[in-house]
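The values are calculated or read from the model by the stated rules, or taken from the named source; none is laboratory data. Quick caveat: nothing in here was measured; it's all calculated off a predicted structure. Cβ atoms come from the backbone with ideal geometry, glycine included; neighbour counts cover every protein chain shown.
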């Protein structure tokens, strides 16, 4: 049963987080944020505002300079590498620069995310086919990823991130290279993942069209600081960790 987010612990919590890149570039400064289970959160702000950095901190691609980041109540800085690896198996990330393997086929790129969780070959084939239909890429199944357009590569990256129906999905500018019709396919995929699987979704975007008509929470970043909070949606309950090693 859905509950008001204020009555439960957050899935993700940032407590006065600062990130400084050498020599003295401040990407985030004193950011505190809570993201609840089953929520869809939109991070907005101009280029360089800190959106991508925030996503990288959540999935442990970067470490904060100061502050604490907790996931399911666990301080990420105190989790040993095996625990981080287990966590990443439950997080889907659609990177802004895609990070696809250009010499692998579209199907092989998407399959990678499921193979590390030991999904069956049949489950992998069925999920790939489903995602390609949803993103209008069915005719690209056996095409090398490096031969795709940037918009097609972007959709492959999103399909890979969504393949395992992850507990948490982080999407960095998922509609940046897409036209309106294709953007609608992406939004439909994200909403379906949230509603059907309870996936918590954090989207970094400058595309106002994907959040202007939503009742989900919108957080604006400006020069590494939170400047605006808008309305928020109610969460579903789902756990990211299952007995992480100490």
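Quick notes on this one:
- Within the stretch 139-165, residues that are free of Cβ contacts under 8 Å to residues at least 40 places away in the same chain and on the phi > 0 side of the Ramachandran plot sit with their Cβ atoms under 7 Å from residues that are part of a helix (DSSP H, G or I) and surrounded by fewer than 22 Cβ atoms within 10 Å (Cβ to Cβ), at 6+ positions apart or across chains, in these pairs: 165/193; 165/197.
- Listed by first and then second residue, the pairs linking a residue in the stretch 3-28 that is on the phi < 0 side of the Ramachandran plot and assigned to a helix (DSSP H, G or I) to a residue that is at pLDDT 95 or above and surrounded by 12 or more Cβ atoms within 10 Å (Cβ to Cβ), with Cβ atoms under 6 Å apart and 6 or more places separating them unless they lie on different chains, are 5/36.
- Comparison of 193, 170, 158 shows that the only residue that is surrounded by fewer than 24 Cβ atoms within 10 Å (Cβ to Cβ), in contact with a helix residue (DSSP H, G or I) (Cβ under 8 Å, 6 or more places away or on another chain) and either at pLDDT 95 or above or not in a helix (DSSP H, G or I) (or both) is 193.
- Residues (part of a helix (DSSP H, G or I), modelled with pLDDT under 95 and either in contact with a helix residue (DSSP H, G or I) (Cβ under 8 Å, 6 or more places away or on another chain) or crowded, with 16+ Cβ neighbours inside 10 Å (or both)) located in the stretch 61-86: 83, 84, 86
Okay, residues lined up against (1) under 24 Å from residue 136 (Cα atoms); (2) within 15 Å of the chain's Cα centre (by Cα):
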position: 164; (1), (2): yes, yes
position: 169; (1), (2): yes, yes
position: 174; (1), (2): yes, yes
position: 178; (1), (2): yes, no
position: 205; (1), (2): yes, yes
position: 209; (1), (2): yes, no
position: 216; (1), (2): no, no
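- Unmet criterion (only one of (1) over 18 Å from the mean Cα position of the chain (by Cα); (2) at pLDDT 95 or above; (3) part of a loop (DSSP other than H, G, I, E, B)) for residue 122: (3)
- Annotation: residue 142 fulfils all but one of (1) touching a strand residue (DSSP E or B) at 6+ places or on another chain (Cβ under 7 Å); (2) surrounded by fewer than 20 Cβ atoms within 10 Å (Cβ to Cβ); (3) not in a loop (DSSP other than H, G, I, E, B); the unmet one is (3).
- Yes/no for residue 89 being under 17 Å from the mean Cα position of the chain (by Cα), surrounded by fewer than 17 Cβ atoms within 10 Å (Cβ to Cβ) and either in contact (Cβ under 8 Å) with a residue 60 or more places away in the chain or within 29 Å of residue 149 (Cα to Cα) (or both): yes
- Among the conditions (1) closer than 13 Å to residue 189 by Cα; (2) more than 21 Å from the chain's Cα centre (by Cα), the only one that residue 130 does not satisfy is (2).
- Test result for residue 122, loosely packed, with under 14 Cβ neighbours inside 10 Å and either closer than 26 Å to residue 179 by Cα or without any contact (Cβ under 8 Å) to a residue 24 or more places away in the chain (or both): yes
- All told, residue 186 falls short of being closer than 24 Å to residue 226 by Cβ, touching a residue at least 40 places away in the same chain (Cβ under 8 Å), outside any loop (DSSP other than H, G, I, E, B) and under 18 Å from the mean Cα position of the chain (by Cα).
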